[in-house]
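Student: Next up is a structure, given as structure tokens.
The values are calculated or read from the model by the stated rules, or taken from the named source; none is laboratory data. For clarity, every value in this text was computed on a predicted model and none was experimentally measured. Cβ sites come from the backbone with ideal geometry, for glycine too, and all protein chains shown count toward neighbours. To get the accessible areas, we keep the full protein, side chains included, count just its heavy atoms, and leave off ligands, DNA and RNA. Shrake-Rupley method; radii C 1.70, N 1.55, O 1.52, S 1.80 Å.
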Amino acid sequence: MNAQNFDKLMTEEIQRLSEKKRLLLHCCCAPCSSACLERLKEHFEITALFYNPNIEDAEYIRRKKELLRFIRETGWAEILECEHDTKEFYGAVKGSEKEKEGGKRCEICFKLRLEKTASLAEKGGFDYFCTTLTISPLKNSALINSIGEELAKDKRTNWLYSDFKKRNGYLKSIMLGKEYGLYRQNYCGCVYSVKIT
């Protein structure tokens with residue numbers, strides 16, 4: 001069986017739109033969000049959601065400030081504020097702390113963040129929800145899209161398939177990061193992913 005081309009699915013969905021639709025975009029950080037927002041801004045009225053309970057407080061604040069600054073400077077999105085509670089993450093991943101990066105712990109984390117995004121998208125009357133996580137070469141786009149697809153099944157909002165790393169998306173995020181002087185971290189934010197050298 002051939003792997004699905006999620007970038008093609010997104011492009012086909014966008015081509016079907018007769019007008020701009022409302023999109024709630026889960027954002028993991030400013031650099032990753034930059035290329036995603038640039039790709040989507042002509043097709044959607046975007047609201048960015050920075051919901052990342054996997055990130056410790058000091059790092060969370062730094063990343064959120066950078067995303068807010070980028071959005072203010074570009075005007076490519078609105079921002080939806082939400083609470084930050086690392087206890088949600090620690091409770092969800094309890095028992096999988098020692099999993100390898102990209103394993104079960106990451107799947108739980110993806111689901112936690114996308115469940116919140118889907119819930120807020122439905123509550124806010126958004127047409128679609130999506131995440132910037134698929135821009136990372138280290139993240140499993142098939143897994144992320146399967147979680148989003150499953151979450152949309154009982155909602156009045158649609159999952160927007162994506163694989164933002166396609167069409168040089170990750171490279172574009174590096175270029176935009178340099179252009180806007182964005183803080184680029186070298187780990188996902190979860191304390192378990194930090195490699196001690």
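Student: For segment 50-66, how many residues meet the condition of being buried (at least 18 other Cβ atoms within 10 Å of the Cβ) and basic (Lys, Arg)?
Tutor: Going through segment 50-66 one residue at a time, the tally reaches 2.
Student: Any idea which residue in segment 176-193 is modelled with the lowest pLDDT, counting only those that are surrounded by 13 or more Cβ atoms within 10 Å (Cβ to Cβ) and more than 16 Å from the chain's Cα centre (by Cα)?
Tutor: If we take residues in segment 176-193 being surrounded by 13 or more Cβ atoms within 10 Å (Cβ to Cβ) and more than 16 Å from the chain's Cα centre (by Cα), then 193 is modelled with the lowest pLDDT.
Student: Follow-up. Does residue 37 fit the bill of being surrounded by 19 or more Cβ atoms within 10 Å (Cβ to Cβ), in contact (Cβ under 8 Å) with a residue 12 or more places away in the chain and over 21 Å from residue 194 (Cα atoms)?
Tutor: Against the criterion (surrounded by 19 or more Cβ atoms within 10 Å (Cβ to Cβ), in contact (Cβ under 8 Å) with a residue 12 or more places away in the chain and over 21 Å from residue 194 (Cα atoms)), residue 37 qualifies.
Student: Does segment 134-145 contain at least one residue that is of a type in the set (D, E, K, R), closer than 26 Å to residue 14 by Cα and either crowded, with 19+ Cβ neighbours inside 10 Å or at pLDDT 95 or above (or both)?
Tutor: yes
Student: Just wondering, is there one or more residues in segment 76-88 that are without any contact (Cβ under 8 Å) to a residue 60 or more places away in the chain, among the acidic types (Asp, Glu), in contact with a Pro (Cβ under 7 Å, 6 or more places away or on another chain) and assigned to a helix (DSSP H, G or I)?
Tutor: Yes, segment 76-88 has at least one match.
Student: Now a separate question. Hey, can you tell me all the residues within segment 40-49 that are surrounded by fewer than 23 Cβ atoms within 10 Å (Cβ to Cβ) and among the β-branched types (Val, Ile, Thr)?
Tutor: Of everything in segment 40-49, just one residue is surrounded by fewer than 23 Cβ atoms within 10 Å (Cβ to Cβ) and among the β-branched types (Val, Ile, Thr), namely 47.
Student: If you don't mind, there's one more thing I want to ask. Starting from segment 10-23, keep only residues that are within 27 Å of residue 79 (Cβ to Cβ), then list their pairs with residues that are open to solvent by less than 50 Å² (accessible area, probe 1.4 Å) and among the aliphatic types (A, V, I, L, M) whose Cβ atoms are within a distance under 7 Å, requiring at least 6 positions of separation or different chains.
Tutor: Final answer for the pair search is 10/160; 13/160; 23/40; 23/46; 23/160.
Student: Take segment 6-34 and flag every residue that is open to solvent by less than 10 Å² (accessible area, probe 1.4 Å) and in a helix (DSSP H, G or I).
Tutor: Correct list: 10, 30, 31, 33, 34.
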